[in-house]
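Novice: The structure that follows is given in the form of structure tokens.
The values are calculated or read from the model by the stated rules, or taken from the named source; none is laboratory data. Everything numeric in this text was worked out from a predicted model, so none of it was measured. Note that we place each Cβ from the backbone using ideal geometry, even for glycine, and neighbour counts take in every protein chain shown. When the accessible area is computed, the model is the full protein with side chains, heavy atoms only, and any ligands, DNA or RNA have been set aside. Shrake-Rupley method; radii C 1.70, N 1.55, O 1.52, S 1.80 Å.
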Amino acid sequence: MWKTGKPSGKYCKNRKAKTISHPGRTAIATLLVLAPLVLNPSSSHAQEPDTGAAAQDSAGPVTPDSAEAIRAGFDRPPSKPRFDAVDAVELPFRIVFYPLRLLGKGTAKLAGAITNISQPREYGLFDRFVEAGVRPRFGSIGPRSSIAAGALVDRFSPFFFESMISIRGSQRHRVGLDFDVFPNRFTASYTFQREAEPHFWGIGPHTRLEDRVDYRWDHQLAAALGSARVSDVTLVGGIGYQDNRVARGFDGARTDIQDSQLADTLYGVNERAKYAVANASATFDKTYNRGLQRRGYYLEVAADLFRGVDGTDSDFHRFRGVVTGYVPANPRQALALRGIAEINRSDGGRGVPFTHLAAFGDEAGGRAYRDGRFRDQAVLALMSEWRYEVWRELHERGRVESFLLLDTGTVGERFADMRLRHLAWSFGFGMRVVWEGQVRWLAYLAFGKDGGRLDINFSSVF
């Protein structure tokens, strides 16, 4: 290592005792300049010092064996250009997501801390419940239910019992038999669900936010459902009996639908509607995960037939189609798209109950709007997300994604009546925590013509 600074002590002691002539000083200065060039190795050797056999063969010709030894002695990764096409794609999103990257790291640490508390390495608290046949449940159980908690008890399989209650009074209780022999399944169950305070704004795309009213919807369903899977195709069919009753809601800040002008024009407000139901659906699933990233596409078509029973003067049918696709740009970025089309048509009687109209809003299309913000007999919606990974767990068990969202759609009596000027738009951003292939936490902030909307969930929108 070269030393710089003051001359050595010996030179300082003799500096005054001996004087060097001018020509001598010139010669010594020239030698000091040329010496490093003559004595030092070349720049290439300085960067990559010879080791082993390479040092022994440096004076002679390079043989294949010595070349291999030289390559083995180098321990430096190949150079990477400072800028490439991928950087050009990522650059705008790096700028946009820089604040979210910091938030994402903090969120991931928080999620990891909660996971460690609830599931320590030795024996997790949730594992004890699961081993006892009790599976905790968290999430939403209907429009405006807010966070709900409950449990699924399947200790005595195939018998099961599920119960969930939300902080706003919504609830769902299920009991039945579940025969799950992969890839086929058969379920017979009875379900009671109460949606305590959903809102209704009216019919069509021109309804006003301030006109919303409140109601409560209790619906019971006894059903038998079977599914079979062949390769990527899953077929589902079932029959059931549905009982629907509308009552006054729990939201004291809103007018009850029974006291509004809508009560006389909407079917299902003052009637108890009972139906025999038959349904069938088919899905074609070509999605897969690669490096914690979702890819591929998913198709679903479904049809439901409702026939009024026990004096219910209403018959109608429903068709629904959903297409979802995940298009990767690179291992950290992807475009996610989902299209929705649904139509309900009357087959006689008093038509479709207002509770069964096609709904646009929240997870049904426009995330800047509340559940069922727009209702009519038909709905078209398109949802999109640009997803960007901001953090990945060291052992690649999970990651944090941020995303930009853009949704649009509308409702109408029929598809032919829909116009571009009727479209309701949503735009915003969000973040999700994916752990072991499942979405454990999701939050987004979306903006539309009703203002902003913040939603926190424990499952993925799509």
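Novice: Quickly rank 192-202, 143-153 as a protection proxy: mean count of other C-beta atoms within 10 Å, highest first.
Specialist: 192-202, 143-153
Novice: List the residues, sorted by chain then number, that are 5 or more residues from W425 or on another chain and whose placed amide H is less than 5 Å from its amide H.
Specialist: For W425, whose amide H was placed from the backbone, the distant partners under 5 Å are K449.
Novice: When ranked by the protection proxy of mean other Cβ atoms within 10 Å per residue, highest first, what sequence do the peptides 416-426, 325-335 form?
Specialist: Packing proxy ranking, top to bottom: 325-335, 416-426.
Novice: Taking Cα atoms of the range 346-462, Rg/Rh with Kirkwood Rh, to two decimals?
Specialist: Dividing the radius of gyration by the Kirkwood radius yields 1.09.
Novice: Can I ask one more? May I ask you to give the solvent-accessible area per residue for the range 274-337, in square angstrom, as obtained with a 1.4 angstrom probe?
Specialist: On a per-residue basis, 50 Å².
Novice: Among T283, A303, I257, whose Cα projects farthest towards the positive end of the dipole of the range 252-312, with charges put on the beta-carbon of Lys, Arg (+1) and Asp, Glu (-1)?
Specialist: T283
Novice: For L152 and T287, what is the calculated FRET efficiency with R₀ set at 30 Å and r taken between the beta-carbons, to the nearest 0.05?
Specialist: The value I calculate is 0.75.
Novice: What is the magnitude of the charge dipole of the range 158-267 about its Cα centre, with +1 placed on the Cβ of each Lys and Arg, -1 on the Cβ of each Asp and Glu, and no other charges, expressed in debye to the nearest 20?
Specialist: 220 debye
Novice: How much of the accessible area of the range 130-212, probe 1.4 Å, is carbon plus sulfur, in whole percent?
Specialist: For the range 130-212, the apolar C and S fraction of the accessible surface comes to 59 percent.
Novice: Using the Cα atoms of the range 173-251 to build a convex hull, what is its mean projected area in square nanometres?
Specialist: Value for the range 173-251: 7.8 nm².
Novice: Between F182 and V301, what length comes free when the chain is fully extended (0.36 nm per residue of separation minus the Cα-Cα distance, one decimal in nm)?
Specialist: Additional length available on full extension: 40.7 nm.
Novice: Another one. Roughly how much of I165 is accessible, in Å² to the nearest 10, using a 1.4 Å probe?
Specialist: 100 Å²
Novice: Measure off 7 Å from each Cα along the Cα-to-Cβ vector at A263 and Q220, then give the distance between these two points in nanometres to one decimal.
Specialist: 2.5 nm
Novice: Sticking with this structure for a sec: Beta carbons within 10 angstrom, averaged per residue: use that to sort the peptides 450-456, 213-219, highest first.
Specialist: The packing order, highest mean first, is 213-219, 450-456.
Novice: Using only the Cα atoms of the range 136-278, what semi-axes does the equivalent ellipsoid have when each is the square root of 5 times a gyration tensor eigenvalue? Give whole Å, largest first.
Specialist: That gives 33, 18, 14 Å for the three semi-axes.
Novice: In Å², what does the accessible area per residue of the range 139-197 work out to with a 1.4 Å probe?
Specialist: 53 Å²
Novice: Shifting gears a bit: Can you give me the C-alpha center-to-center distance between the range 196-239 and the range 396-462, rounded to a whole angstrom?
Specialist: Using only Cα atoms, the two centres lie 19 Å from each other.
Novice: Accessible surface of V434 in the full protein assembly, 1.4 angstrom probe, to the nearest 10 Å²?
Specialist: Number for this one is 20 Å².
Novice: Return the Rg/Rh value of the range 237-295, two decimal places, where both radii are evaluated on C-alpha atoms and Rh is the Kirkwood radius.
Specialist: With Rh from the inverse mean 1/r over Cα pairs, Rg/Rh is 1.28.
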